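First the structure, in the form of structure tokens, and then the observations on it.
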Amino acid sequence: MPYQIVVCGSLVPDPLQTLEPVQGPAGPALKNEMMLPAWLDPWAGHALYEAAHLARQQPGSQVTLVSLGPKAKLQQVMMTVAQKVPFAWVALDGAAGGFTDPAETAAALAEAISALPGLNPAQLLVFGGWESATRGAGVTLQTVAERLGIPDVFLGVDELKVLPDGALEVLERIEAGRHLISRCAGPPAVLGWATGNLPEPKNNPQIGMANMRGVLPALQKARPVQIGAAGVTFASVTLPKQLRQTRTVKDASPDQIAAELIAWFKS
Amino acid sequence: MQTLLYLTATETDGSLGQPALEALGAAASLAAALPETTLLAGLVGAQVQPAANQIASCGAKRFLAVTGTDFAASRYASDAAAAAALIQASGAMLVVAPGTARWLRCLPGVAARVGGRADTHLTALEVVNGQVHAHRWYYRQRMEGVFTRAQRPWLLLVDPGSQPAWSGLPGQAVLEPLAVTLPDHARRTTVTGIREPAADAQTIRPDAKLLFVAGAGWTKKQADGQTHVPEAERLIRDFLRLSRASLGSSKSLVDLGGEGQAVLSFLSHLNQIGQTGATPRHPKGLATCCHGEEPHTVGWRFINERRAISLDPNCGWARGKADVLYVADAFRVMDRVNALLAGEANV
């Protein structure tokens with residue numbers, strides 16, 4: 001069965017960068033936010049790779065990536081992401097920082113998905129990361145589902161199988177390192193992916209060239225959207241004071257270290 | 001006068017688990033600190049009377065319930081229908097719930113359905129000048145924000161492990177059942193089971209006092225120029241068995257499996273700690289063969305006491321991320337640790 005797989009995926013600052021909160025005109029923001037190198041949100045990346053994998057298995061399937069972020073940063077991120085897997089792209093030009101409200105993000109994404117040409121709920125699977133690496137809220141996808149009227153939502157997905165009768169078997173992370181196994185009758189469904197089981201695809205210049213034919217026009221057509229955090233008032237945003245006075249033990253024998261560790265375990 | 005609804009699901013035996021009791025502690029404290037606020041309880045599950053009795057003395061004025069086999073398992077459509085019905089029936093403007101996998105999946109959608117907002121992974125709730133302020137972390141535990149919100153109903157999901165659990169005397173609670181009829185489309189999904197490792201192979205132990213993290217160094221060439229993956233497996237397995245620690249790993253170690261390299265067979269992405277992994281809560285953590293770089297150590301935010309074993313005296317742990325760094329060969333140290341633990345076990 002061919003699927004229309006829509007992946008919601010935005011960008012995050014490179015995790016190796018130092019992040020510092022500052023007070024902006026509309027609330028908290030990151031210092032030099034527009035200067036920070038950006039990446040595709042990691043869990044959204046897993047969702048994209050899983051979508052491409054599913055599309056390869058199900059002939060006729062299409063993958064559409066819907067991204068909301070500042071246009072210039074989206075362009076930067078797409079230079080890499082476009083080389084990974086084939087997809088069509090829809091861009092929305094708006095804020096994607098951690099202090100925005102996921103309900104506003106979800107409203108913009110749902111509107112963009114609804115406007116996709118030829119959208120067929122009987123074939124629709126909406127993918128995304130189960131949380132972003134910015135807000136880390138895990139709220140957006142369920143709100144998108146409610147706005148699109150999709151009754152089945154799965155979060156923390158590590159595996160999706162299409163069963164012979166067209167039903168979907170979904171494994172979701174639950175507490176204590178376990179997975180909940182569910183059987184869903186079929187599309188439409190919303191799946192928020194955890195890491196899944198696929199490695200990051202290597203860059204493929206041919207895929208990149210094919211994708212880039214659509215990326216630049218999509219960027220030009222990127223619709224501006226106002227994303228903020230209406231109704232939210234931040235009292236403070238602070239970095240943790242967590243630098244420790246590290247004691248470095250260099251010349252102890254394994255026996256000495258082991259004894260010290262055992263005493264520490266018991267303390 | 002406003003209503004605060006404590007909302008939770010019951011365990012399979014009808015009782016409340018630790019995360020639910022922690023959320024109740026937060027809800028009861030919040031209700032007590034807010035002026036003219038009434039606490040109600042909303043319970044969902046196949047059977048909820050044991051749970052209601054368990055918390056009969058929590059101060060809730062009413063115990064609303066959605067029960068039945070349709071609401072036993074964790075399923076988005078039925079959980080959302082139950083939660084929305086409870087919120088609407090209670091008239092609550094504030095809802096406090098445990099941040100379990102079940103409610104994290106469902107309540108953000110419910111917030112949209114009832115015209116409110118949900119905030120997740122909250123680590124503290126307080127009342128400042130009569131307003132509720134919530135604490136949570138942003139950018140994967142890199143900075144902490146404190147905020148309040150104007151939208152109502154406001155659904156507040158409290159992170160497990162962040163609050164003291166409510167405790168009080170059991171009693172006999174009077175349930176007020178709500179009738180919730182599921183439409184056909186809410187039954188499109190059925191829960192068919194739970195996949196979990198065998199009891200002796202389960203390496204993720206949320207209640208453990210110690211988190212043991214294995215880094216990619218365990219699979220790298222050692223001083224003799226060879227890798228020693230089977231020995232690493234034995235050392236780590238023995239340590240987990242003897243210490244009952246919970247096992248975490250760095251992303252780089254888990255990713256090696258996807259790249260076709262030798263890996264520790266019992267590791268999966270579920271063990272991954274950090275930027276794209278978990279942020280567990282344990283009193284102590286021991287990192288081994290791991291560089292302690294920022295994308296990994298953000299997952300250590302809630303580990304109180306931290307020690308590390310690394311051959312690199314300039315690794316990230318040495319730069320204020322650990323309390324103690326042992327510059328040593330983890331293979332040799334853990335071999336001795338296991339010997340000492342085994343000796344104690346035999347005494």
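Taken together, the values in this text are just the output of simple stated rules run on the coordinates, not laboratory data. It should be emphasised that the depicted structure is a prediction, and the values quoted were computed from it without experimental measurement. All Cβ positions, glycine included, derive from the backbone under ideal geometry; neighbour counts span all protein chains shown.
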- Find the eigenvalues of the gyration tensor of the Cα atoms of the range B:58-209, then list the square roots of 5 times those eigenvalues as equivalent ellipsoid semi-axes, largest first, in whole angstrom. 25, 24, 18
- Note on the structure: Once Lys and Arg are counted +1 and Asp and Glu -1 for all other residues with Cβ under 12 Å from that of B:Leu122, the total becomes -3
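How big is the antiparallel share of DSSP beta bridges in the protein assembly as shown, given as a percent to the nearest 5?
Numbers: 41 of 120 bridges.
Taking every DSSP beta bridge within the protein assembly as shown, about 35 percent pair in antiparallel fashion.
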- Amide H of B:Leu178: which non-local residues (sequence gap of 5 or more, or other chain) have their own amide H closer than 5 Å, using H built in the peptide plane? B:Ala65, B:Val66, B:Thr67
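Inside 10 Å of the C-beta atoms of A:150-158, what's the mean count of C-beta atoms belonging to other chains?
Numbers: counts 4, 14, 7, 10, 4, 8, 4, 0, 4.
Averaged over the peptide's residues, the number is 6.
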- In whole Hz, the Karplus estimates of ³J(HN,Hα) for the range B:223-234 (6.51, -1.76, 1.60; θ = phi - 60°; x where Gly or Pro) are 4, 7, x, 10, 7, 9, 4, x, 5, 4, 4, 5
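When a/c is below 1.5 the answer is rounded, else prolate if a/b is larger than b/c, else oblate, so apply that to chain B with a ≥ b ≥ c taken from the square roots of the Cα gyration tensor eigenvalues. Don't jump to the answer; show the numbers that get you there.
Numbers: a/c = 2.28, a/b = 1.97, b/c = 1.16.
Prolate.
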- Query: In the range B:214-313, which GluC sites (Glu not before Pro) are in a loop and have at most 14 other Cβ atoms within 10 Å, using DSSP for the loop call?
  - Reply: B:Glu259
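Among the GluC sites (Glu not before Pro) within the range A:112-202, which fall in a DSSP loop and have no more than 16 other Cβ atoms within 10 Å of their own Cβ? Don't jump to the answer; show the numbers that get you there.
Values: sites: A:Glu131, A:Glu146, A:Glu159, A:Glu169, A:Glu172, A:Glu175; in loops: A:Glu131, A:Glu175.
Those satisfying the criteria are A:Glu175.
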- Under 5 Å from the placed amide H of A:Phe127, counting only residues 5+ away or on other chains, we find A:Val6, A:Val7, A:Cys8, A:Leu191
- Item | In chain A, lysine pairs closer than 19 Å at Cα, eight or more apart or cross-chain | 7
- Item | Fraction of beta bridges assigned by DSSP in chain A that are antiparallel (%, nearest 5) | 40
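When 1/r is averaged over all different Cα pairs and the result inverted, which Kirkwood radius in Å belongs to the range B:37-100?
On the way: mean 1/r = 0.0813 Å⁻¹.
Value: 12.3 Å, from the Cα pair sum.
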- Query: Projected onto the charge dipole of the range A:4-224 (+1 at Lys/Arg Cβ, -1 at Asp/Glu Cβ, origin at the Cα centre), which of A:Ala137, A:Leu92, A:Leu163 gives the Cα projection farthest towards the positive end?
  - Reply: A:Leu92
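Quick one: what do you get for the protein assembly as shown if you divide its Cα Rg by 2.2 N^0.38 Å? Could the numbers behind the result be given before it?
On the way: Rg = 24.4 Å, N = 614, 2.2 N^0.38 = 25.2 Å.
Rg over 2.2 N^0.38 Å, computed on Cα atoms: 0.97.
Give, in whole angstrom and from largest to smallest, the semi-axes √(5λ) of the equivalent ellipsoid of chain A, with λ running over the eigenvalues of the Cα gyration tensor. Write out the running numbers ahead of the final one.
Numbers: eigenvalues 240, 132, 76 Å².
Values for chain A, descending: 35, 26, 19 Å.
If you add up the charges near A:Ala107, with Lys and Arg at +1 and Asp and Glu at -1, over every other residue whose beta carbon is less than 10 angstrom from its beta carbon, what do you get? Don't jump to the answer; show the numbers that get you there.
On the way: positive: A:Arg147; negative: A:Asp101, A:Glu104, A:Glu111.
Combined, the nearby Lys, Arg, Asp and Glu give -2.
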- Message: Quick one: 3J(HN,Hα) in Hz for the range B:238-253, Karplus 6.51/-1.76/1.60 with θ = phi - 60°, rounded, Gly and Pro as x.
- Response: 4, 5, 5, 5, 7, 9, 6, 6, 8, 9, x, 8, 7, 4, 4, 5
- Residues whose built amide H sits under 5 Å from the amide H of A:Thr248, excluding neighbours closer than 5 in sequence, are B:Leu325
- Message: Can you tally the net charge around A:Asn197? Count Lys and Arg as +1, Asp and Glu as -1, for every other residue whose Cβ sits under 9 Å from the Cβ of A:Asn197.
- Response: -3
- Query: Considering only DSSP states other than H, G, I, E and B, which chymotrypsin sites (Phe, Trp or Tyr not before Pro) in the range B:98-192 qualify as loop sites with at most 10 other Cβ atoms within 10 Å?
  - Reply: none
- Item | Simple label model, 7 Å out from Cα along Cβ direction - B:Thr69 to A:Met35, nm | 6.4
- Item | Phi-based couplings in Hz for the range A:60-72 (Karplus 6.51, -1.76, 1.60; Gly and Pro marked x) | x, 6, 10, 10, 10, 9, 10, 10, 10, x, x, 3, 5
